[in-house]
Amino acid sequence: MPHIAGLRGVVPEASKAAELANAPLDVAKGLAAGTLARDVTRCVYRYHVAFAGPGRQLVRKSIVAAVRLSPWAEGMIRRHEEVTDAARAAALARIKANGGAHTQAVMAGVRDTAAEVDRFFRRAESGPPTLKVTTKDGVHHTMWRVSDAEVIGKLRNYFTPKKLHVLDGHDTYEGMLAYQAELAAKAEPSMYSSANYGLFNIVTMEDQGLVSAALHKVVKGAGKRDELLEKTRKHFIVEKLAGVANQTDKLLAALGDSVAHQAVFVAVFAGDADAYKLTLSPDVSPVHEGVAVDRALAKLDPNVVEHMFVRRHLASATITSEPDAKQALAALGSGAELVLLVRPTSIEQRVHVDELNQTLPPSSTTLYPAPAQLVAMIIDPDEEMV
């Protein structure tokens, strides 16, 4: 059962919030300079993110709080995505570089069909916010500090029987677990030590502002275009998209039209005015082709892209991920040879994966928009959370 707790958060001074929201918080430097301040008492934060969604303005409402860490195997905090050793090490390094502070929150979802969480915060949301900023991407961030012990107690009791589904930040969570293990190796912390907790951003699964985003792949070392495309024809229908390689909207629109609802992605090569839409052939079964994944998940886009294309044809390439399609395509002019534009994996698909105790390949999923880094949590093994 996940244990939710208030935290003595580190937040920007109101006058510096807009400036600091666009970059990771440097806790030690900010506290010394007075641009960051630590809460005197424990609290949670009600956090709204307002942004332009498909055809309308959306608001994602979440809670920033401390959550007791537990291994994936215990099933209280659930994952849908693998983490590479390099990503885990990078997340651990970020925590250590900030003196043990968590500056990036794990995004997690919880089922709340009765909308109880919204009711807990109605009173707080009727008052003036603690922080209100707009980041460079035009997204509006509003945060209320809530220190009411009754509200925190209600949250703790409400979350006790529930499971948390990590929606973004699997690497961040594994970095937290790794740091917890390092501290425990030095001296076993008490049950409610802050060393056993992590910084979380929790959203209800029913929230209309919970929007999946794609992680496009930027490839260096892709090899020759014609040879690569010819190899893929055994498993994919290859369709030329003439003259649209620099038209992001048309490339993304092409992803919306899939033969027999099959997995699909678009390949764009450096120096080529055309793009190429690759759709998994309806008569191809990844499982029959030796892909070792659950049959129910074998034709999900991330599994098809990774196992049927990347691992088979780009095994020696260097691949990075980019959530912004335009930024991904811009990399073709600065060293990348190939960009793979992919579709986002829905929230329902992610939860289906973790409920089957399965995982998708690393860097398969993310959310839009990314939360601003407005709260940090200092980890001190001698500090009790309760």
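None of the figures in this text is laboratory data; all of them are computed from the coordinates on show. Predicted, not measured: the structure shown is a model, and the values here were computed from it. In this analysis, Cβ positions are derived from the backbone assuming ideal geometry, glycine residues included, and neighbour counts consider all displayed protein chains.
What the table below lists for this structure:
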{"quantity": "Selected residue (only one of 154, 162 is surrounded by 14 or more Cβ atoms within 10 Å (Cβ to Cβ) and in a helix (DSSP H, G or I))", "calculated": "154"}
{"quantity": "Search result, residues across the stretch 22-44 that are in contact (Cβ under 8 Å) with a residue 24 or more places away in the chain, within 20 Å of residue 95 (Cβ to Cβ) and buried (at least 19 other Cβ atoms within 10 Å of the Cβ)", "calculated": "25, 26, 27, 36"}
{"quantity": "Subset of the stretch 165-196 (residues that are among the hydroxyl-bearing types (Ser, Thr, Tyr) and in a loop (DSSP other than H, G, I, E, B))", "calculated": "190, 192"}
{"quantity": "Pair list, Cβ under 7 Å, 6 or more apart: the stretch 98-126 residue without any contact (Cβ under 8 Å) to a residue 60 or more places away in the chain, other residue in a helix (DSSP H, G or I)", "calculated": "116/158; 120/151; 120/154; 120/155"}
{"quantity": "Residue within the stretch 356-371 that is assigned to a helix (DSSP H, G or I), in contact with a helix residue (DSSP H, G or I) (Cβ under 7 Å, 6 or more places away or on another chain) and hydrophobic (A, V, I, L, M, F, W, C) present", "calculated": "no"}
{"quantity": "Selection count where residues are touching a residue at least 12 places away in the same chain (Cβ under 8 Å), out of contact with any strand residue (DSSP E or B) (no Cβ under 6 Å at 6 or more places or on another chain) and farther than 23 Å from residue 110 by Cα, scope the stretch 137-181", "calculated": "5"}
{"quantity": "Top-ranked residue in the stretch 45-81 [being under 21 Å from residue 157 (Cα atoms) and more than 18 Å from the chain's Cα centre (by Cα); ranked as surrounded by the most Cβ atoms within 10 Å (Cβ to Cβ)]", "calculated": "45"}
{"quantity": "Pairs with Cβ under 6 Å, 6+ apart, first in the stretch 182-202 and under 26 Å from residue 165 (Cβ atoms), second surrounded by 13 or more Cβ atoms within 10 Å (Cβ to Cβ) and basic (Lys, Arg)", "calculated": "196/68; 197/68"}
{"quantity": "Cβ pairs under 7 Å, 6+ apart, first in the stretch 278-302 and free of Cβ contacts under 8 Å to residues at least 12 places away in the same chain, second of a type in the set (A, V, I, L, M, F, W, C)", "calculated": "287/298; 295/287"}
